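**Student:** Can you read through this structure? Questions will come right after.
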Amino acid sequence: MANIIDTNLQFNSNYSKMKTVEGILLHHSGVTVLQTVETIHNYHKNKGWAGIGYHYYVRKDGSIYKGRPETMAGAHCPSVNSTSIGICAEGDFNTETMSEIQKQAIIDLIADIKSRYNITYVKGHRDILATSCPGNNYPFNEIVNGTANNTTPEQTPPTETNEDKSSDIFNDGLVNCIYDIQEWLNRHYNTGLALDNIYGTNTHKALVKGLQTELNKQYNKGLAVDGIFGMNTKNACINVRQGAEGNITMLIQMALFIKGYNLSMDKKFGSDTARIVKQFQSDNGLSVDGIVRQKYF
């Protein structure tokens, strides 16, 4: 049996009940800074949710925390929230490697859940939605095919030196879905979008407004911030390539994600973003050089 810590989190009333438990969905927190379950719980409450969207949160030291009750539908993947248990692993497994102790804890937790439900699948978040979660380095096969260990490995408490920085990541951290894109655009450009997790006309215009704002701010382009990607905006666009970092890169990553490309939205034009840009160029008959020009919005 997994050793699950219950911190008695208090939830708001705006939640749905779980319909049935058919599967388990695996996530990562997407950041390298250490975060308590209470930190994530409060962050999700600030989004307007009932509380933490995951049913379980597994920290780097192997400790397992109870999030949402299993009777409450999750808020971790829209299409399966009411039929799956969400497990989030602390860490960014696009950049980190999972420790054995954390891996074993997740294996134990999955075994515990399977002992109580007729689980028909264990999947990663990216198997359901266009996202990089739970990360390219997430040991998915080892965890899904793992056997629970009857011995409890020695636990090393996480270093708390970065804990106070956890709030920083919520200002400019990883974005994983349309909801997060809308929230990010609202926070940075006061676009007033409804947080409905739907990419429609208003969200598209807000994305373009963000680009126009950054071109004006960073390059003095003098554009009307109207959300219309017309000739003036097209002509004002700069070339962006690998090594760039900042809000324009973030907006490019968002535009690619919206077009169906699976990449991390982290404001850094690294090798992963360059690979996706080249794929976009190839798919659209453009010169494949990895340089972003005008055709992404």
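What follows is calculated from the coordinates using simple rules that are stated; it is not laboratory data. Note that the structure is a prediction, hence the values are computed from the model and not measured. When we count neighbours, we look across all protein chains shown, and the Cβ atoms used for this are built from the backbone with ideal geometry, even at glycine.
**Student:** Highest first, please rank the peptides 53-64, 221-232 by the mean number of other Cβ atoms sitting within 10 Å of their residues.
**Tutor:** Top to bottom by mean Cβ count within 10 Å: 53-64, 221-232.
**Student:** Expressed as a rounded percentage, what relative contact order does the stretch 4-163 have, with Cα pairs under 8 Å and six or more residues apart?
**Tutor:** Once divided by the residue count of the stretch 4-163, the mean separation gives 30 percent.
**Student:** Using Rg and Dmax of the Cα atoms in Å as the read-out, say which of (1) 18.6, 57; (2) 20.3, 65; (3) 27.5, 108 was calculated from these coordinates.
**Tutor:** Read-out taken from this structure: (2).
**Student:** Hey, what did the stretch 175-283 get for relative contact order, percent, Cα under 8 Å, at least 6 apart?
**Tutor:** Taking the mean separation of contacting Cα pairs over the length of the stretch 175-283, I get 21 percent.
**Student:** Between GLU22 and GLU38, what is the label-point separation in nm under the 7 Å Cα-to-beta-carbon projection?
**Tutor:** Between GLU38 and GLU22, the simple spin-label model gives 3.8 nm.
**Student:** Is any residue of the stretch 112-142 close enough, with backbone N under 19 Å, to a label point placed 7 angstrom from the Cα of THR95 along the Cα-Cβ axis, and if so, which?
**Tutor:** Residues 131-139 qualify, since their backbone N sits under 19 Å from the label point.
**Student:** Please give the residues of the stretch 126-143, grouped as numeric ranges, whose backbone N is less than 19 Å from a label point set 7 Å along the Cα-to-Cβ vector of ASN197.
**Tutor:** Only 126-135 pass the distance filter.
**Student:** Now a separate question. Find which of TRP184, LEU211, GLY222 sits farthest along the positive direction of the dipole of the stretch 175-283, computed with +1 on the beta-carbon of Lys and Arg, -1 on that of Asp and Glu, about the Cα centre.
**Tutor:** Checked the options; the winner is GLY222.
**Student:** Which ordering of LYS217, LYS267 is given by a fewest-first count of other beta-carbon atoms within 10 Å?
**Tutor:** So the ranking, lowest neighbour count to highest, is LYS217, LYS267.
**Student:** Let me ask another. Can you give me the pair-distance distribution of the stretch 4-163, C-alpha pairs, 5 Å bins, whole percents?
**Tutor:** Result, from short to long distances: 2, 9, 19, 24, 23, 15, 7, 1, 0 percent.
**Student:** Could you give the radius of gyration (one decimal) and Dmax (whole number) of the Cα atoms in the stretch 5-100, in Å?
**Tutor:** 12.8, 37
**Student:** Also, I was wondering about something else. Across the stretch 37-48, in residue order, what do the Karplus-derived ³J(HN,Hα) couplings come to in whole Hz, using 6.51 cos²θ - 1.76 cosθ + 1.60 with θ = phi - 60° and x for Gly and Pro?
**Tutor:** Calculated HN-Hα couplings, in order: 4, 5, 4, 5, 4, 5, 4, 5, 4, 5, 6, x Hz.
**Student:** Sort ASP289, ASP112 so that the residue with the fewest other Cβ atoms within 10 Å of its own Cβ comes first and the one with the most comes last.
**Tutor:** By the 10 Å Cβ count, ascending, the order reads ASP289, ASP112.
**Student:** Sticking with this structure for a sec: Gain in length, ASN239 to ALA130, computed as 0.36 nm per residue apart minus the alpha-carbon separation, to one decimal in nm?
**Tutor:** 36.7 nm
**Student:** Related question: Which of the residue pairs LYS123/LYS209; LYS47/LYS209; LYS123/LYS234; LYS45/LYS205; LYS19/LYS209 have a Cα-Cα distance greater than 32 Å in the structure shown?
**Tutor:** Too far apart for the 32 Å limit: LYS123/LYS209; LYS123/LYS234; LYS19/LYS209.
**Student:** What 222 nm value per residue comes from the helices of the chain, counting each DSSP H run with n ≥ 4 as -39,500 (n - 2.57) and dividing by all residues, nearest 500 deg cm²/dmol?
**Tutor:** One gets -10000 deg cm²/dmol as the mean residue ellipticity at 222 nm.
**Student:** If you don't mind, another one. Sorting ARG293, ARG68, ARG187 on the 10 Å Cβ count, fewest up front, what's the list?
**Tutor:** The most exposed by this proxy come first: ARG187, ARG293, ARG68.
**Student:** Shape verdict for the stretch 175-283, please, from the Cα gyration tensor: rounded (a/c under 1.5), prolate (a/b greater than b/c) or oblate.
**Tutor:** Oblate shape, in that a/c is at least 1.5 and b/c is the bigger or equal ratio.
**Student:** Any chance you could run the full-extension gain for ARG187 through ILE228? It's 0.36 nm times the residue separation minus the Cα-Cα distance, nm to one decimal.
**Tutor:** 12.8 nm
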